[in-house]
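The values are calculated or read from the model by the stated rules, or taken from the named source; none is laboratory data. Small disclaimer: the values here were computed from a predicted structure and weren't measured. Here the Cβ positions follow ideal geometry from the backbone for every residue, glycine too, while neighbour counts run over all protein chains shown.
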């Protein structure tokens with residue numbers, strides 16, 4: 001798909017594939033740490049800790065840098081430990097990348113996403129990135145009636161909570177995957193119309209609930225979004241919900257590997273807590289259930305690069321891929 005337009009968001013009420021094939025760079029954690037330091041750009045994320053703000057892998061693609069993560073801020077009265085409530089750490093790490101956009105993948109504020117909770121916790125950690133943030137609601141936001149606290153805090157957002165926006169030459173679809181609370185059939189119709197009206201060489205979808213995850217397996221209700229995305233050549237799917245990091249090989253909507261499939265990431269490591277994985281699902285190629293962190297993406301004209309960095313400054317999964 002082709003096309004380009006300014007960085008503007010459009011919602012339901014608003015208005016040829018890359019020529020070269022880039023090999024995915026599979027790198028071990030140890031070698032990535034060395035490459036990370038070699039990139040030469042650093043920023044402080046906590047006292048006595050230095051992490052690289054760009055990896056040598058990201059540097060292979062020219063374009064804007066975005067950060068993606070979900071499942072972020074504890075309620076203000078919840079206890080901070082090594083495995084819980086580390087949202088201040090992930091916020092500092094995200095700021096170190098100086099991203100053009102933050103893709104916030106839902107369950108941004110626990111317990112119920114009230115406006116008071118957003119103001120007392122999320123704002124104190126991720127608040128400085130608010131103007132760059134493009135959020136989607138998670139199931140915890142809907143513990144407040146109609147996700148009222150979410151919409152009150154992110155004032156640019158309006159129900160039903162899905163929209164599209166441009167990052168460089170990319171088109172990104174921010175989807176509301178809470179299909180018990182909104183009309184997802186109407187959402188898919190809107191998504192298909194926008195995909196036809198705004199073709200791109202590269203595009204992505206982001207939502208709270210993953211289609212594939214080793215924590216919960218396949219989420220059948222997300223298949224509707226994947227069918228539309230796969231048919232229109234979308235390249236990346238980003239989600240949270242499950243409290244770990246995971247990357248799946250390119251898949252179609254029916255849990256089958258496909259050369260022209262969508263590469264998907266689960267990034268539920270924003271700070272709330274971590275939940276160990278008990279098994280590996282088919283198609284999973286990278287998993288981290290032992291550390292909080294953020295996913296950085298460099299979005300190029302016909303390719304993209306990614307790197308998942310822990311709050312300790314270790315890059316444990318990265319690569320470069322051409323758009324399909």
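Brief remarks follow.
- Strands (runs of 3 or more DSSP E) enclosed by the stretch 1-115 - at least 1 residues per element that are surrounded by 15 or more Cβ atoms within 10 Å (Cβ to Cβ) and at pLDDT below 70: 42-46, 49-52
- Annotation: of all residues in the stretch 199-226 being in contact with a helix residue (DSSP H, G or I) (Cβ under 8 Å, 6 or more places away or on another chain) and surrounded by fewer than 20 Cβ atoms within 10 Å (Cβ to Cβ), the one that is modelled with the lowest pLDDT is 221.
- Among the residues of the stretch 290-306, those identified as out of contact with any helix residue (DSSP H, G or I) (no Cβ under 6 Å at 6 or more places or on another chain) and either more than 11 Å from residue 321 (Cβ to Cβ) or at pLDDT below 95 (or both) are 290, 291, 293, 295, 296, 299, 301.
- Within the set 124, 171, 186, the sole residue that is in a strand (DSSP E or B) and either modelled with pLDDT of 95 or more or surrounded by fewer than 19 Cβ atoms within 10 Å (Cβ to Cβ) (or both) turns out to be 171.
- Residue match in the stretch 253-266 (condition: over 24 Å from residue 320 (Cβ atoms), at pLDDT 95 or above, part of a loop (DSSP other than H, G, I, E, B) and out of contact with any helix residue (DSSP H, G or I) (no Cβ under 7 Å at 6 or more places or on another chain)): no
- Members of the stretch 127-141 found to be part of a helix (DSSP H, G or I), more than 17 Å from residue 89 (Cα to Cα) and touching a strand residue (DSSP E or B) at 6+ places or on another chain (Cβ under 6 Å), listed by number: 132
- Check on residue 234, surrounded by 18 or more Cβ atoms within 10 Å (Cβ to Cβ) and modelled with pLDDT of 95 or more: yes
Yes/no matrix, rows are residues, columns are (1) touching a strand residue (DSSP E or B) at 6+ places or on another chain (Cβ under 6 Å); (2) closer than 21 Å to residue 110 by Cα; (3) assigned to a strand (DSSP E or B):
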residue	(1), (2), (3)
229	yes, no, no
291	yes, yes, no
294	yes, yes, yes
313	yes, no, no
